[in-house]
1. What does the extension gain come out to for residue B:383 and residue B:31, with contour length at 0.36 nm per residue minus their alpha carbon separation?
2. Please give the helix B:274-288 orientation as an angle from the longest Cα principal axis of chain B, in degrees from 0 to 90, rounded to the nearest 10.
3. With both bridge residues required to lie in chain B, what share of the DSSP beta bridges run antiparallel, to the nearest 5%?
4. By how many degrees, between 0 and 90 and to the nearest 10, does the Cα long axis of helix A:63-76 differ from the longest principal axis of chain A?
5. If you look at just the Cα atoms of the protein assembly as shown, how large are its Rg and its Dmax in Å?
6. Tell me the Kirkwood radius of the stretch B:237-368: reciprocal of the mean inverse pair distance over distinct alpha-carbon atoms, in Å.
7. Could you work out how much longer the chain between residue B:105 and residue B:54 gets when fully extended? Use 0.36 nm per residue separation minus the Cα distance between them, nm to one decimal.
8. Let me spell out the model: positive unit charges on the Cβ of Lys and Arg, negative unit charges on the Cβ of Asp and Glu, origin at the Cα centre of the protein assembly as shown. What dipole size does that give, in debye rounded to 20?
Amino acid sequence: MIEDLYQELIIDHARFPQNRGSLAAPSHSAHQYNPLCGDEVTLQLLVENGVIQDIAFEGQGCAISTAATSIMTTLIKGKTTEEAKALGQLFRDKITGNAEIEDLGELEALVPIKEYPMRVKCATLPWHALLDALRSETT
Amino acid sequence: MLTANFPILEIPSRGKRLAYLDNAATTQKPQSVIDATAHYYREQNANVHRGAYWLSQEATALFDQTRVQLANWINAESSDEVIFTKGCTESINLVAHSWGMNNLSQGDVILVSRMEHHANFVPWQQVSIAKGASIVEIPITDLGEIDLEAYQNLLTGRVKMVAIVHVSNSIGTINPIKKMIAMAHKVGAKVMVDGAQALAHLKVDVQDLGVDFYAISGHKMYGPTGVGALYGKRELLDAMPPYQTGGSMIRTVSFEETTFAALPDKFEPGTPNIGGIIPWASAITFLEGQNLLEVAAQEANLAQVLEKQIEQINGIRVVGKAAHRAGIVSILADWTHAHDLGTILDSEGVAVRTGHHCCMPLMKRFNIVATTRASFGIYNTMEDVDQCVAAVQKAKRIFG
Ligand SMILES: Cc1ncc(COP(=O)(O)O)c(C=O)c1O
């Protein structure tokens with residue numbers, strides 16, 4: 001059911017994204033672009049002692065990528081970079097079909113995207129940006 | 001019913017009736033083309049031009065027959081002027097490289113319209129970089145029509161090539177190419193027309209148009225994928241060097257030099273897509289059996305009805321309002337992104353394309369990133385329109 005994908009949680013996050021904006025002094029940042037859709041996200045992180053203290057994003061995109069980014073930022077703020085990466089891996093595995101994976105909280109709302117493989121990239125876009133950002137060190 | 005000729009239309013999509021509205025991307029294939037494809041591999045498969053045996057002779061005859069049939073269909077003076085390629089994109093690249101690299105130099109100008117598909121834009125841009133020529137935009141109006149006055153002012157003696165799409169794949173505009181070609185010829189420029197979207201909807205007469213080069217896509221005119229053609233005026237093609245070299249396109253080869261075959265072989269090295277080109281003839285036969293004027297009117301009418309109905313939904317507008325338009329509707333909703341709309345339509349069995357449609361400069365012209373595009377073909381009916389409208393209404397309910 002398409003309503004499983006475009007449920008209230010996704011639409012709310014898409015309409016009122018959390019952590020939208022920019023950081024005064026980010027330690028890491030990255031830009032991701034999906035040439036297929038034109039979805040774009042710039043992610044900024046403030047990492048201290050291995051912990052993501054603050055996070056912000058700017059960009060334009062579809063409801064799925066915007067909601068995915070918003071949800072990601074709320075979930076990884078306060079987590080260590082290793083925890084964040086591990087969560088991203090679980091999420092990617094789950095939406096590409098691994099049904100064994102534990103409940104991922106709000107990320108579950110995005111799982112129905114697996115029925116629409118062309119759109120999976122929209123949901124993983126922020127997680128790719130996160131990996132890029134963590135590789136970037138200071139910008 | 002025409003739809004009965006297209007078996008794929010009977011197959012449900014996500015459990016719903018398929019409303020196939022992505023004809024600008026590729027058209028579905030009639031049973032005759034499907035049969036001809038199977039028949040070729042079952043009974044006619046052999047390499048062309050080479051075999052000393054009956055089967056190869058038969059395959060070669062059929063292969064050349066498609067060329068003759070296509071040449072007649074577009075009213076080329078001779079079938080030698082029809083070069084087989086793997087698609088419209090390759091046809092344009094052939095001209096950009098072979099003609100462009102040898103006829104353009106520093107200071108020359110290539111005019112390219114703002115509504116070109118990347119296929120008739122990027123090759124010219126790359127050639128202009130290589131040759132020090134400049135590429136200049138022919139602007140379009142807010143309605144999505146060529147600004148003919150601006151075009152006239154751009155036509156100076158420095159213009160060597162004009163690249164123009166016959167029918168826009170993004171917004172459906174049918175350009176006045178006959179007039180534009182005549183205008184270009186007055187200053188001695190050649191014209192490359194991208195006809196990818198035209199052949200399935202319009203009767204094209206290359207001699208009447210006076211066009212220098214015309215690029216054709218097989219899979220957008222109910223034919224197989226992987227086949228296309230380039231029409232070029234004989235004197236131009238004769239003067240051009242080969243685009244790619246190898247077997248089948250030579251007269252003699254020695255360590256010192258190679259002499260090339262005459263048209264059309266000069267531009268067709270290697271084994272062509274025989275299994276696509278032979279069934280392509282069945283697609284042309286199919287079109288020959290239609291009244292294209294009526295077909296085009298019916299497609300445009302469906303597009304107009306769709307446009308009228310969805311524009312009544314709050315926050316929806318259609319980009320591209322040219323007076324002469326093919327059955328293409330490019331939709332923007334201010335309450336959702338093109339891709340979300342596309343996915344919801346997909347869930348209702350409605351197949352549309354979302355994105356920039358390989359026309360990023362055009363999107364920029366309208367300050368947009370992407371549209372949701374419905375494009376009509378010969379088999380579409382009011383039922384498809386209704387299904388699409390209902391799906392857009394559903395999307396509106398979801399996004400509020
Ligand atoms: C206007 C236009 N030009 C060129 C092309 C490319 O055609 P082909 O797929 O035959 O290379 C397309 C198809 O997407 C098109 O719509």
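1. Numbers: separation 352, 0.36 × 352 = 126.72 nm, distance 2.18 nm.
Gain on extension, residue B:383 to residue B:31, equals 124.5 nm.
2. 60 degrees
3. The antiparallel fraction comes to roughly 60 percent.
4. The answer is roughly 50 degrees.
5. 26.0, 78
6. Details: mean 1/r = 0.0508 Å⁻¹.
It works out to 19.7 Å.
7. Values: separation 51, 0.36 × 51 = 18.36 nm, distance 4.87 nm.
Here the segment from residue B:105 to residue B:54 would lengthen by 13.5 nm.
8. Numbers: 44 positive and 59 negative charges, 157 e Å.
It works out to roughly 760 debye.
Values in this text are rule-based calculations from the coordinates and carry no lab data. Because the structure is predicted, anything quoted here is derived from the model rather than measured. For neighbour counting, all protein chains shown are included, and Cβ atoms are generated from backbone atoms with ideal geometry for every residue, glycine included.
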